[in-house]
Amino acid sequence: MANVAMLGTGLIGHFYTMSLHGKRSRDRVVVVQGRDAAKTRAFADKWGIPRSTTSLEEAVGAEDVDLVVIGLPNHMHLEAVQAAARAGKGILCTKPLARTAAEAKQMLDVVEKAGVFHGYLEDLVYTPKTLKALESVRKGAIGRVLWARSREAHPGPHSDWFWTKELSGGGAIVDLGCHTIEIGRSFVGKDVRPLEVVCWGATQVHPIEAEDSAIGIVRYASGAVAQFEVAWSFRGGMDLRDEVSGTDGTIWINHWLRTGFEVFSAPGSGGYVAEKAETESGWLFPVGDEVNALGYDAMFADMLDGFDQKRAPVETFYDGYVVNAVMDACYRSIASKRWEPVVLDDWRGTTEAEGGGVHLEYDSRHWLIKLERMPDGRRKIILKDKLTGAVSQRVEE
């Protein structure tokens, strides 16, 4: 059981509180902190939270608080982590961990020096579909992962501060790329070092300083690549999709659109449909249980079980630091228009060299390149001679 101080009263604070009060049931938000006193009090009343305050120090320093959940704008994360660590409280911080890798490393150093429990609230690696897919990959269902693709695109964030580069640290890459990069990293293997990035980003639609669209490729030490696509310019709701390709199989995941729940309404539904939905009429794609579908339930279960059991959760501040380092490389690549190295001053994974793959042996003399069934029912086998390198084919009845 954990008593929680919730920092922030925006959309993410509502999602977090809904999940905290629902899944494990025994955890409670006992104080909420926000900048606007009336808004914070209304948040407390909505969720049955006994106390509200505009003071960060008061919220994190309360004697009955065990765990601090940070749902604040990006530029306020470091200050909140420092305050909670001084108070000796466990800390869970929303994504992205920070605006830059240097800022993330500072936050990582703070929690590790203080010896406090810490978790990185990257919900999209905890969605039910993602957890099932990751389990399949771990069990070898698709062989060695070669390529991953993660896409998140929608019409743009809800709050004004997101759109100000100085406060957020960037645009769609910082807001959405943190999700898609960590999803790709999870499928490739978090112990595999990200080596370099090539990235395109631009402001295609909105009158802002930061990018509203970006596409990038992260190359890993295993030889795998993870592609990500992000946009604040996508119309039609929220597009969340992942794909993974391995030596022995493929995984496709659609998290949000066209998932089997569709409604047509001519006059309009007259209410909330789903996060980032742009209309209440026409074809609608409602989500039955958003906090579960977006991974919040499984994420907080892992975080709070880890807190109770004194073990690290799946996602820690270190993971947030690695993601920030990859995003930094993305921005350097956009500027240079070339591959840029991922700079990690602190790497805790394996030191494996880049792999060239494991070849499948057909017989003592040949590697198997491909086996396929022809329209007439015969099998075609394409082979490579181990000694000469010659490629040949055989057709079998």
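The values are calculated or read from the model by the stated rules, or taken from the named source; none is laboratory data. Computed from a predicted model, the values in this text were never measured in an experiment. For neighbour counting, all protein chains shown are included, and Cβ atoms are generated from backbone atoms with ideal geometry for every residue, glycine included.
Out of Thr100, Thr130, one residue alone is touching a Leu at 6+ places or on another chain (Cβ under 9 Å) and of a type in the set (S, T, N, Q). It is Thr130.
Could you please let me know if Leu257 is surrounded by fewer than 17 Cβ atoms within 10 Å (Cβ to Cβ) and either modelled with pLDDT under 85 or in a strand (DSSP E or B) (or both)? For Leu257, the condition - surrounded by fewer than 17 Cβ atoms within 10 Å (Cβ to Cβ) and either modelled with pLDDT under 85 or in a strand (DSSP E or B) (or both) - is met.
Gly171 falls short of the stated requirement of being buried (at least 23 other Cβ atoms within 10 Å of the Cβ), touching a strand residue (DSSP E or B) at 6+ places or on another chain (Cβ under 6 Å) and not β-branched (Val, Ile, Thr). Small (Gly, Ala, Ser), buried (at least 21 other Cβ atoms within 10 Å of the Cβ) and within 22 Å of the chain's Cα centre (by Cα): which single residue out of Ala85, Ala101 fits that description? Just one listed residue meets the conditions, Ala101. Within the stretch 144-165, the residues that satisfy the criterion of being modelled with pLDDT under 95 and either of a type outside the set (Lys, Arg) or assigned by TED's automatic domain parsing to the domain that holds Gly8 (or both) are His154, Pro155, Gly156, Pro157, His158, Ser159, Asp160, Trp161, Phe162, Trp163, Thr164. All conditions in (1) surrounded by fewer than 19 Cβ atoms within 10 Å (Cβ to Cβ); (2) of a type in the set (A, V, I, L, M, F, W, C); (3) at pLDDT 90 or above hold for Phe300, with the sole exception of (1). In summary, Gly216 fulfils each of the numbered conditions (1) buried (at least 20 other Cβ atoms within 10 Å of the Cβ); (2) not in a strand (DSSP E or B) with the single exception of condition (2). Evaluation of Val65 against the conditions (1) assigned to a helix (DSSP H, G or I); (2) more than 22 Å from Ala98 (Cα to Cα) shows that the sole unmet condition is (1). Residues in the stretch 107-147 that are among the basic types (Lys, Arg) and assigned to a loop (DSSP other than H, G, I, E, B) were compared, and the one that is farthest from His255 (Cα to Cα) is Arg144. Exactly one residue out of Ser19, Ser25 is modelled with pLDDT under 95, closer than 26 Å to Ala298 by Cβ and outside any helix (DSSP H, G or I), and it is Ser25.
May I ask you to verify whether Leu176 is part of a helix (DSSP H, G or I), in the same structural domain as Asp212 (by TED's automatic domain parsing), out of contact with any Pro (no Cβ under 8 Å at 6 or more places or on another chain) and buried (at least 22 other Cβ atoms within 10 Å of the Cβ)? The answer is yes for Leu176.
For Trp283, only one of the following conditions fails: (1) surrounded by 14 or more Cβ atoms within 10 Å (Cβ to Cβ); (2) touching a Phe, Trp or Tyr at 6+ places or on another chain (Cβ under 8 Å). What is its number? The one condition Trp283 does not meet is (1). Identification of helices (runs of 4 or more DSSP H) wholly contained in the stretch 275-353 with 3 or more residues that are among the polar types (S, T, N, Q) yields 317-336. Restricting attention to the stretch 344-393, the residues that are of a type in the set (Asp, Glu), surrounded by 12 or more Cβ atoms within 10 Å (Cβ to Cβ) and modelled with pLDDT under 85 total 2.
Within the stretch 88-98, the residues that satisfy the criterion of being in a loop (DSSP other than H, G, I, E, B) and under 16 Å from the mean Cα position of the chain (by Cα) are Lys95, Pro96, Leu97, Ala98. Here's a check for you: in the stretch 245-254, which residue that is more than 23 Å from Asp175 (Cβ to Cβ) and either in contact with a helix residue (DSSP H, G or I) (Cβ under 7 Å, 6 or more places away or on another chain) or among the aromatic types (Phe, Trp, Tyr) (or both) is surrounded by the fewest Cβ atoms within 10 Å (Cβ to Cβ)? That would be Trp252.
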